[in-house]
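Have a look at this one.
The values are calculated or read from the model by the stated rules, or taken from the named source; none is laboratory data. Small disclaimer: the values here were computed from a predicted structure and weren't measured. All Cβ positions, even for glycine, are placed from backbone atoms using ideal geometry, and neighbour counts span all protein chains on display. All accessible areas refer to the heavy atoms of the entire protein, side chains included, with ligands and DNA or RNA removed. Shrake-Rupley method; radii C 1.70, N 1.55, O 1.52, S 1.80 Å.
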Amino acid sequence: MPTPPPIPPAIPQEVRTPRLLLRRPQPADAEALCAAVQASLPELQPWMIWAQTPPDLIATRDNLQDVTAKFDARENLRYHVWRVPEQAGEPLELIGSSGYHSLDWRVPKGEIGYWIATAHAGQGYATEVTHALTELALTPAADGGLGFRRLEIRCDPTNHRSARIPPALGYRLDAHLVNDTVAANDPGQLRDTLIFSRIC
């Protein structure tokens, strides 16, 4: 008889860090997400295919319904990144997105992706998010983690801010793939890919 597919562990809908709240997306986030993306388009467009056109509120809300369904099905685990205000009573502010992609629960393994809105770049938020998600992923399921055996981060070597994060968190460089893909904002331009990993 074939081996039954593995049962993924319980996935937390929220992950907290010292300054941030990572939360499962919901359609109600659409307006805040559109605002963060719109304000960050010039910085996102060189790296993100989905950022080539200004966001549309209705399309974003529809997309978030699909994102939420995939999260609940453990097919793609995206989190919205909210900055927790220093003063009590102030609202949360959506400043980016992260999560686990390219999941294979047979291993199990996945890939972390991340972006932070331009107004909040350079303050260590991406590193804080990635550290929290790395620890959650590599902690055994019996101890409340996801029990990943392999975790990857991939980025363009010219995306210097992104490329600095994995080594700072103990990832090793597995490969530098030359002419591996095309530029997000120029399909006629070939780009390289760095592959970093941590294993457990």
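For segment 17-82, how big is the tail of P(r) above 17 Å, as a whole percent of Cα pairs?
The share of Cα pairs beyond 17 Å in segment 17-82 comes to 47 percent.
Highest GNM mean-square fluctuation, the chain, Cα pairs closer than 10 Å: which of TYR79, TYR171, TYR100?
Answer for the Gaussian network model of the chain: TYR171.
Next question, about the same structure. Ignoring ligands, DNA and RNA, what percent of the accessible area of the chain is carbon or sulfur (1.4 Å)?
That fraction is 53 percent.
What residue among ASN63, ASN76, ASN179 has the largest mean-square fluctuation in a Gaussian network model of the chain, using Cα springs under 10 Å?
Answer for the Gaussian network model of the chain: ASN179.
Determine how large the accessible area of GLU90 is when every protein chain is in place; take a 1.4 Å probe and give Å² rounded to the nearest 10.
100 Å²
Between beta-carbons, use under 11 Å as the cut-off and find the net charge around TRP82, counting Lys and Arg +1, Asp and Glu -1.
+1
Running a GNM on the chain with Cα contacts under 10 Å, which residue among LEU173, LEU33, LEU146 ends up with the highest mean-square fluctuation?
LEU173
Let me ask you something else. Using helices alone, I'd like the mean residue ellipticity at 222 nm for the chain: each DSSP H run of four-plus residues gives -39500 (n - 2.57), total over residue count, nearest 500.
-7500 deg cm²/dmol
Counting only protein chains, not ligands or nucleic acids, how are HIS101, HIS176 ordered by accessible area (probe 1.4 Å), most first?
HIS176, HIS101
Next up: Probe of 1.4 angstrom, ligands and nucleic acids ignored: what's the accessible area per residue over the chain, in square angstrom?
Per-residue value: 54 Å².
Report Rg (one decimal) and Dmax (nearest whole number) for segment 14-141, counting Cα atoms only, units Å.
For segment 14-141, the Cα-based Rg and Dmax read 14.5, 44 Å.
Residue by residue, what Karplus-based ³J(HN,Hα) values in Hz, rounded to whole numbers, does segment 138-148 have, using 6.51, -1.76 and 1.60 with θ = phi - 60° and x for Gly and Pro?
Along segment 138-148, the couplings run 8, 6, x, 4, 5, 9, x, x, 9, x, 5 Hz.
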